[in-house]
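For reference, the structure discussed in these notes is given below.
The values are calculated or read from the model by the stated rules, or taken from the named source; none is laboratory data. Bear in mind that the values here come from a model prediction, so they are computed numbers and not experimental data. Neighbour counts run over all protein chains shown; Cβ positions are idealised from the backbone, glycine included. To get the accessible areas, we keep the full protein, side chains included, count just its heavy atoms, and leave off ligands, DNA and RNA. Shrake-Rupley method; radii C 1.70, N 1.55, O 1.52, S 1.80 Å.
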Amino acid sequence: MNLKKLVAAVGCASIALIAAQNVQAAGKVEVLHWWTSGGEAKALNVLKDDLQKKGITWEDMPVAGGGGEAAMTVLRARVASGNPPTAAQMLGFDIQDWGAQGVVANLNDVAREENWDNVIPAAIQRFSKYDGKWIAAPVNVHSTNWIWANKKIFDELGLTPPTDFDGMVKALDKIKAAGYIPLAHGGQAWQDATLFDSVVMTTGGPEFYQKALIDLDQDALKSDTMKQVFERMRILRSYVDDNFSGRDWNLASAMVIDGKAGMQIMGDWAKGEFLNAGKKPNEDFLCFRFPGTQGTVTFNSDQFVMFKVGDDRAEAQKELAKAILSPTFQSAFNVVKGSVPARTDVSDAAFDACGKKGMADLKEAADKGTLLGSMAHGHAAPAAVKNAMYDVITAHFNSDMSAEEAVKQLAGAVAGAQ
């Protein structure tokens with residue numbers, strides 16, 4: 001080998017060695033989550049690929065279970081053994097509970113570099129921060145005050161999306177008279193509570209929602225407005241078919257998709273069911289806000305909480321946090337997930353009509369202060385209070401309990417759970 005070739009060979013070897021060292025230095029991230037469905041796993045691949053380009057290895061810890069209960073059990077065991085993952089998927093008040101235990105990382109440096117304070121709505125930051133420190137990176141915002149409607153049925157009956165509760169009742173009456181199931185619903189406590197969120201919002205407005213479901217104000221809970229909320233829940237109950245008890249939410253979505261039912265009140269994850277069935281927004285189905293809640297958004301937000309790790313893993317953790325909140329990932333993931341980005345400066349170009357509306361609604365609500373956590377989905381009150389509310393709401397929905405008695409029980413249950 002002549003000198004020129006020898007220098008070139010040494011140079012290539014050096015580059016390869018440096019690259020290998022960089023990969024080794026970049027390290028790995030271990031991520032615990034419960035996104036195990038096909039679409040969710042596909043969406044996470046965007047994040048994995050991004051990190052891989054930076055030489056960071058993704059070590060997957062999927063724990064099946066839609067609500068994340070099983071994942072939290074695994075997480076508690078890992079943290080108790082002194083071996084936490086780099087990050088774990090989490091919701092609402094669970095994030096604050098982990099923050100209080102002093103086992104989470106401080107992401108303030110990353111947040112400052114990436115301008116998180118100015119692009120993430122304050123209502124979302126309320127869960128991402130603990131004691132003034134960023135401890136979690138929000139992935140998305142789901143909103144829950146949506147209605148999904150069968151467009152063919154609406155066209156056949158000459159219906160347009162109603163704009164207030166009375167208009168909704170008239171529409172439900174028309175659908176019922178035509179022989180369809182007016183309201184597709186699953187008889188599970190969290191689904192009853194999802195209806196309740198929207199009925200509270202349309203009946204009392206955002207200020208009443210804040211007082212009753214977030215501030216847990218006893219006067220609001222015992223008010224005539226709350227009595228009207230339960231009266232309206234009874235009205236909605238009359239439009240549900242007899243076989244609703246125990247039905248999963250996606251089966252209720254299928255009733256609308258198949259043209260058996262006119263509407264479903266459900267979070268924006270329902271859109272995935274319509275898309276998977278080959279349906280298109282504004283052609284096959286309609287999405288609109290629960291009548292009377294226009295301009296407000298009730299939300300839940302999936303976040304990745306970062307745990308304290310050793311210095312050898314800190315840089316990779318920082319890159320993970322950056323990647324989660326990059327506009328590229330926020331767009332790619334939420335297009336698939338059916339939710340909208342957690343930051344309000346992401347382009348809506350890749351989203352469908354419902355996604356564009358969801359993003360515009362989120363920005364409007366964030367600006368107006370009407371972006372409020374969903375009680376039904378653990379972003380209004382701690383779990384003990386939420387569960388106490390569930391018990392009363394579902395007992396009323398599934399019995400002949402009077403509105404007066406429901407109000408009395410709700411106020412008592414909330415007081416007892418605090």
Original post:
So what's the angle, to the nearest 10 degrees on a 0 to 90 scale, between helix 311-324 and the longest Cα principal axis of the chain?
Top reply: 50 degrees
Subject >> Debye intensity ratio I(q)/I(0), log10, region 107-237, q values 0.10, 0.15 Å⁻¹ (C-alpha model) >> reply: -0.50, -0.88
Original post:
Taking the C-alpha atoms of region 227-341, how large are the radius of gyration and the largest Cα-Cα span, Dmax, in Å?
Top reply: 19.4, 60
**OP:** Determine ³J(HN,Hα), in whole Hz, for all residues of region 205-222 in sequence, where each value follows from phi through the Karplus function 6.51 cos²θ - 1.76 cosθ + 1.60 and θ = phi - 60°; x replaces Gly and Pro.
**Re:** x, x, 5, 5, 4, 4, 5, 6, 9, 10, 6, 6, 5, 5, 4, 5, 5, 9
**OP:** Take peptides 280-291, 158-169 and line them up by average Cβ neighbours within 10 Å, highest first, as a rough protection proxy.
**Re:** 280-291, 158-169
**OP:** Go ahead and estimate [θ] at 222 nm for the chain from helices alone: -39,500 (n - 2.57) per DSSP H run with n ≥ 4, summed, over the residue count, rounded to 500.
**Re:** -16500 deg cm²/dmol
**OP:** Round to the nearest 10 and give me the degree value, 0 to 90, for the angle of helix 69-80's Cα axis relative to the longest principal axis of the chain.
**Re:** 40 degrees
Subject >> Net charge dipole size for the chain [Lys, Arg +1 and Asp, Glu -1 on Cβ; Debye, nearest 20] >> reply: 980 debye
**OP:** Determine the sum of side-chain charges near GLN125: Lys and Arg each +1, Asp and Glu each -1, restricted to other residues whose C-beta is under 12 angstrom from that of GLN125.
**Re:** +3
**OP:** May I ask you to derive the relative contact order of the chain, considering only C-alpha pairs under 8 Å and at least 6 residues apart, and to give it as an integer percent?
**Re:** 25 percent
Original post:
Can you work out ³J(HN,Hα) from phi for every residue in region 88-97, in order, using Karplus 6.51 cos²θ - 1.76 cosθ + 1.60 and θ = phi - 60°, giving whole Hz and x for Gly and Pro?
Top reply: 9, 5, 7, 10, x, 5, 4, 4, 5, 4
Original post:
Which entries in the list LYS170/LYS356; LYS152/LYS368; LYS152/LYS211 go over 32 Å, if you measure between the two C-alpha atoms of each?
Top reply: LYS152/LYS368; LYS152/LYS211
**OP:** Could you look at region 181-258 and say what percent of its accessible area is carbon and sulfur, using a 1.4 Å probe and all protein chains?
**Re:** 43 percent
Subject >> Normalised convex hull volume, the chain, alpha-carbon set, Å³ per residue >> reply: 156 Å³
**OP:** With just the Cα atoms of region 34-160, tell me how far they stretch along each of the three principal axes, in Å, largest first.
**Re:** 61, 32, 32
Original post:
Reachable aspartates and glutamates from LYS308, Cα under 14 Å, same-chain residues fewer than 8 places away excluded?
Top reply: GLU30
Subject >> Whole-Hz ³J(HN,Hα) from phi, Karplus 6.51 cos²θ - 1.76 cosθ + 1.60, for region 168-185, glycine and proline x >> reply: 5, 4, 4, 5, 4, 4, 5, 5, 5, 5, 7, x, 9, 6, x, 10, 7, 8
